[in-house]
Amino acid sequence: MSERTPRPVSASRVEMTQLVQPPDANYLETLFGGRLVEWIDNCAAIAAQRHAREKVVTASIDDLHFAVPIRLGDIVVLKAQVNYVHRTSMEVGVRVERENPRTGERTHAARAYLTFVALSDDNQPLSVPPVHASDPDDRRRAANAITRREFRLMRRKALATADP
Ligand SMILES: CC(C)(COP(=O)(O)OP(=O)(O)OC[C@H]1O[C@@H](n2cnc3c(N)ncnc32)[C@H](O)[C@@H]1OP(=O)(O)O)[C@@H](O)C(=O)NCCC(=O)NCCS
């Protein structure tokens with residue numbers, strides 16, 4: 001298989017499950033935001049690695065909004081996949097759900113988009129295969145990822161001009 005042969009979105013998918021334990025919670029007995037960011041970054045890194053099959057680093061994490069509190073004892077389900085590949089960078093989307101341990105009811109809790117860059121052995125950005133989105137949902141995610149990338153680049157340019 002050539003290095004540029006597209007890989008299916010499904011090859012990158014990750015589902016990770018965590019239980020909120022006392023060291024993960026604050027005095028309100030809800031999950032620390034920072035702990036959730038750690039779990040999101042881990043889950044997304046595995047998705048990027050599964051796609052690239054190279055070492056990867058987190059280049060950026062977009063805005064993160066916490067929709068509902070996640071409580072001590074809740075189950076947290078994180079689902080990640082590579083949405084889009086540019087050249088050396090990949091956008092990974094992560095959906096976070098809060099699962100009630102008694103009822104099994106799941107509630108959307110957060111969503112995050114992260115950019116990972118694949119690196120060569122000498123730590124230079126390395127080109128990775130494109131991702132092949134075969135169903136309408138994955139095609140929509142890829143189209144949205146392209147729009148988000150354009151916004152990211154515009155934002156970085158504006159910030160670099162404002163604060164060189
Ligand atoms: C990410 C990193 C490898 C990019 O290096 P660089 O010298 O800027 O490389 P380039 O300018 O060639 O850019 C490489 C790719 O990264 C993307 N990129 C660079 N900085 C980015 C950022 N802040 N957000 C999103 N994408 C970024 C570029 O758009 C480019 O993508 P493309 O090849 O798909 O078009 C480098 O900034 C780095 O090592 N950062 C630290 C990463 C790290 O330690 N992460 C853990 C944080 S604790």
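Each reported figure results from applying straightforward, stated rules to the coordinates on display, with no laboratory input. Here the structure is a predicted model, which means the values were calculated and not measured. Cβ sites come from the backbone with ideal geometry, for glycine too, and all protein chains shown count toward neighbours.
If you go through the stretch 51-92, how many residues are away from the ligand (no atom under 15 Å from the Cβ) and crowded, with 18+ Cβ neighbours inside 10 Å? Before you say what the answer is, go through the steps one by one.
Initial filter on the stretch 51-92 (away from the ligand (no atom under 15 Å from the Cβ)): 53, 65-81.
Of the ones still in play, those that are also crowded, with 18+ Cβ neighbours inside 10 Å are 70, 74, 76, 78, 80-81.
Selection size over the stretch 51-92: 6.
Say we look at the stretch 93-127 and pick out the residues that are of a type in the set (S, T, N, Q) and out of contact with any helix residue (DSSP H, G or I) (no Cβ under 9 Å at 6 or more places or on another chain); which of these is surrounded by the fewest Cβ atoms within 10 Å (Cβ to Cβ)? Break it down into steps so the answer makes sense when it comes.
Filtering the stretch 93-127 down to residues of a type in the set (S, T, N, Q) leaves 100, 103, 107, 115, 120, 123-124, 127.
Cutting the leftovers down to out of contact with any helix residue (DSSP H, G or I) (no Cβ under 9 Å at 6 or more places or on another chain) gives us 100, 103, 107, 120, 123-124, 127.
Values: 100: 13, 103: 7, 107: 13, 120: 12, 123: 9, 124: 10, 127: 16.
For the stretch 93-127, the residue satisfying everything is 103.
Looking for whichever is touching a strand residue (DSSP E or B) at 6+ places or on another chain (Cβ under 9 Å), hydroxyl-bearing (Ser, Thr, Tyr) and within 16 Å of the ligand (Cβ to nearest atom) here; the options are 134, 127. Which one fits?
Answer to the selection: 127.
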